[in-house]
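The structure appears below as structure tokens.
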Amino acid sequence: MFVRIADGESERVVVLIDGTPFEGCQGDSIATVLLLTGKIGCRRSFVSGEPRGPYCMMGVCFECLVKVDGIDGLQACMIPIRSGMRIETSIDQP
């Protein structure tokens, strides 16, 4: 669904998303890696229970909240990935 426009020669970085290793490029945000790996939803709405995921990609909407290395409620679009990072979503996905 989502693809990288230009891959260039960025350093590859491996992160764990819900326990599964995924590769991204140095400088990618967590939200970018989530979208590229097909994990569109990362939490559920507190009101309706509907899936929510990256939307604005600039830190305004708070739809992309995830747990990173044990710290909950962080905006995935605002945090660059780093090697070995443990990212947890609060939604089950295939």
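The values are calculated or read from the model by the stated rules, or taken from the named source; none is laboratory data. Given the structure is predicted, the values throughout are model-derived calculations rather than measurements. For neighbour counting, all protein chains shown are included, and Cβ atoms are generated from backbone atoms with ideal geometry for every residue, glycine included.
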Checklist entry - Ser83: touching a residue at least 40 places away in the same chain (Cβ under 8 Å), more than 11 Å from the chain's Cα centre (by Cα), on the phi < 0 side of the Ramachandran plot and surrounded by fewer than 14 Cβ atoms within 10 Å (Cβ to Cβ), yes or no? => result yes
Checklist entry - In the list Glu50, Glu63, which residue meets the criterion of being out of contact with any Asp or Glu (no Cβ under 9 Å at 6 or more places or on another chain), surrounded by fewer than 14 Cβ atoms within 10 Å (Cβ to Cβ) and acidic (Asp, Glu)? => result Glu50
Checklist entry - Are there any pairs, at least 6 apart or on different chains, whose C-beta atoms fall under 6 Å, with the first in region 16-41 and within 17 Å of Lys67 (Cα to Cα) and buried (at least 17 other Cβ atoms within 10 Å of the Cβ) and the second at pLDDT below 95 and of a type in the set (Gly, Ala, Ser), and if so, which? => result Val33/Gly24; Gly41/Gly53
Next on the checklist: Where the second residue is part of a strand (DSSP E or B) and acidic (Asp, Glu) and the first is modelled with pLDDT of 95 or more and lies in region 54-69, which pairs have Cβ atoms under 6 Å and are six or more apart or on separate chains?
Outcome noted: Lys67/Glu88
